[in-house]
Structure formats: structure tokens, C-alpha cells
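Working notes for the structure below.
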Amino acid sequence: MRDFFSCVHMSERSQAPGDSELADALSVMHVISAPAAGGAETYVKQLAIELKRQGLQPIIAFIGHASDHGRSSEFEREFLAELEAKKIEYVFIGDASRKNPLLGAIRVRRYCRLKGVRLYHSHLTIAIIFGAFLSIPRLHTHHNSVTRLPGWVYKCLNSLVEQYIAISESCVSYIKRSTRRNIAVIRNGIDVSRFTPSVRRPVSGSVIDCICIGRIVAQKNYELLVSSIPLLPQRLGDQLRISIAGEGPAGVVGSLQKQIEQLGLSDRIKLLGNRVDVAELLDRSDLFLMSSAWEGLPIALLEATASGLPFIATDVGGCREVAELCGNGIVVSPALPQALANALAELMTDDERFMNLSEAAVRNAHKLSIEQSAREHRILYTQLYGRLRQGRRIAHKRVLGHDPPNTSE
């Protein structure tokens, strides 16, 4: 494996100390899995770009490469090229640290010292452990409303996290129950300028092009969506064209394709594989569908809203929050294919409601902006770092024999 430091992207290192206005900026390390397709990865990339625009110095630390887990190398190249174009520094910790968290912790400490990192922000649970040797404020964002880990694990990790963040109100109760800590809520955001919103005006009886975006894995529960289509009246089912954009393990993709074929839906449901042209796919579509078994606050749903799409989604994670905030969607039970079929039939036979939902998306998409999410992060970072500096000043005065006044009397 390549040496840790040889993997550092060098766009910032060539600057002489003090050369740039970023020299005095608050530098924040974000740790995510890999430069691969995924909601958390996309969000952290856009957040880093916007934080830099707002005057901070973000650094993204990837645990490994997309190819380490069979993900798209082409997507990784696109991902990293965007970071380089925006002069966002990144580093690879090394996939071996997944099995050896101590190695990850040592490498993260070395890099944070080298680059003068002031705050550490993890976006997956194992990355909390990587911050164990740091003496700077540490934050952790939980990106889902559920986790595979028992609650006691988070209680054990509490000493390594100064602030937990939830990406939706629905995530708060779970994290609070697991950690017994106060949770900051900062909704996911997107760069709405990347999308061209337009109102969809369906014509009764015409083909409805539906789009699903997300990995083909158990979480996305595409089997529920496929099972719902034969429950529609035949004339409505014949009007649907559904595209699913996302990669996944070969076995899971094969199983989904087999289900589609067995139900005689091959002419209506297409698996597109991993795509980098998400904005274009959304622009060409009429309706966004999401059948997930669990979620946090799905980036794909926010992007669909920014494109002016109405949506039907299962009532998991923050999907209901988007429907209430932007008024462009219907949420249904995550366990009943008939509920999804009923919602589809309702929209496909009510052109006025379909158009009203689309108009609401166009009108309210600005509420999902990455600018707002970045501002809230910047405020939180400044508060945490300010408390650290104040604490160090007080400790320094005590060492010198100048105790701060007791203000409690």
C-alpha cells in the first residue's frame, strides 16, 4: 500500500506559510469512507466546497479508495477532480485502518499535527475512534435514523466526541437514546444551482418517466417498488417507465434484475448502473420514487426536489420532513407495496395535484441549500473552537498563578 503521506493531494502544500488568507482560517478535517457514490459522500464534498467559500479550510480524509470495495473508479476520478478544481485538500488514511483502528488513529494524529487541523469531524462510526489521540474539538455526524451497532457502543465512544450532529429531526431520538447527549440538528443541504427546476405538467394517459437514485442495497429496498407495479391497474402500469441509477453488489443487483424479469417488467424498469450525470437524469424525469427501508435525510431526494420533481417516498428518516418543508411529496408505509401502488395511482390520475407538487418543489427548493447547512456548521465549529481556546487561556493563567475570578459568588 502507498505511504499515507504520499496520498495527500498537494494543491495546498505548495503555498508558503502565511501566503494565503487560508493560513489563519479554521481548518476542519472531515472523515468519510471513500470518494464513491453515496449520499454522505456527496454531502461532505459539497459541504467542504461551501465551507471553503465561506472562509474555512476543509480537508477531506478518505478511509480508502472506491475500488477497495468494488465501487466505481470512474466515479472516484470525477469526485476527486471536482475537489481539485475547488482546491479542496484530501488525503487517504488507508483501508487497512478499518481492521486496525489504532493505525487509523495514529495516521490521523500525525496528519492533523502536520497541517495544523483545529477541528475533527467524523462521518462514520469507526472514524470516531480515529480521533482518539486528538486534543482538538471532535464532532460526529450520524447520517441515518438507524444503525447496526447497539446503543452501548455510542456510550463507550462518548468520551471521543464533543458534539454529535443529526441530519434530520428523525435521527435525533435515536442518537439521543444511544448517547444520552444533547444533539445539534443540521439538515443536509445541496448545491441547488447545479439543478434546473421546472414545473412538470403531465397529460393524462401519457408516459410517466420515474427515476430512482441510490445504491442497489438492502437499505434502498427496491424490491418493494418492483412489487408495487403489478398492483396498479394495467393501463396505469403500462404508462410507467422507471429508471434506477446506482451500483451495488453483483448478487443484489442480479436478484433485483431477476425479480423484474419474473414479474414481466423488463420493458418498464431499467437498471442504469452507476451514473455521474444525476442532474441530467433528474431533468429528463417526471417523478422521483424512493422505497427505502431506512434513511437519514437522503441527498437524492433533495436533488430531486431542486429539479422540480414531485416525489413518492417511504415514511422513513427525514423523507416526511422534506414533504412537509417543501410540499412536493407523498410519504407511504415502508412495508406495504399496496400503499406505494395507491400513491402512484393517485398521482397518475390527478394532473392538477401532480403539477401542484411540482410547483411546490420549484418554489421551496431554496430551503435545502448547502449554504445554510455550511453556515450552521461554521457557527458550531466557531463555538466549539472558541470554548477550547478559552479553556486553555484559563488553564494557562492558573499555571502562572493568576486564577480567574470566581463569578459564582
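Values in this text are rule-based calculations from the coordinates and carry no lab data. Because the structure is a prediction, the values reported are computed rather than measured. Don't worry about glycine lacking a Cβ; one is built from the backbone with ideal geometry, like all the others, and counts go over all protein chains shown.
Along each of the three principal axes of the Cα atoms of the stretch 148-240, give the extent in whole Å, ordering the values from largest to smallest.
58, 34, 20
5 Å is the cut-off here: which amide hydrogens, built 1.01 Å from N in the peptide plane, fall below it relative to Gly273, excluding neighbours closer than 5 in sequence?
Here Gly246 satisfy the definition.
Mind scanning Lys270/Lys367; Lys45/Lys258; Lys115/Lys220; Lys52/Lys367 and naming the pairs with a C-alpha gap bigger than 29 Å?
Pairs exceeding the cut-off: Lys270/Lys367; Lys45/Lys258; Lys115/Lys220.
Compute the distance from the alpha-carbon center of the stretch 175-239 to that of the stretch 287-348, in whole Å.
5 Å
In whole percent, what relative contact order does the chain give with Cα contacts below 8 Å and a gap of six or more residues?
Reported as a whole number, the value is 16 percent.
How would you classify the stretch 264-357 from its alpha-carbon gyration tensor, with a ≥ b ≥ c the square roots of the eigenvalues: rounded for a/c under 1.5, else prolate if a/b is greater than b/c, otherwise oblate?
Here the stretch 264-357 falls in the rounded category.
What residue among Gly254, Gly317, Gly237 shows peak mean-square fluctuation when the chain is described by a Gaussian network model with Cα springs under 10 Å?
Judging by the Gaussian network model, the answer is Gly254.
Which whole-number percent gives the relative contact order of the stretch 192-367, counting Cα pairs below 8 Å spaced six or more residues apart?
Computed value for the stretch 192-367: 30 percent relative contact order.
So between Asp351 and Ser67, what do we pick up on full extension, going 0.36 nm a residue minus the alpha carbon distance?
Separation in residues times 0.36 nm, less the Cα-Cα distance, equals 97.8 nm.
Highest mean first, how do 225-234, 26-35 rank when packing is the count of other Cβ atoms within 10 Å averaged over residues?
Final packing ranking: 26-35, 225-234.
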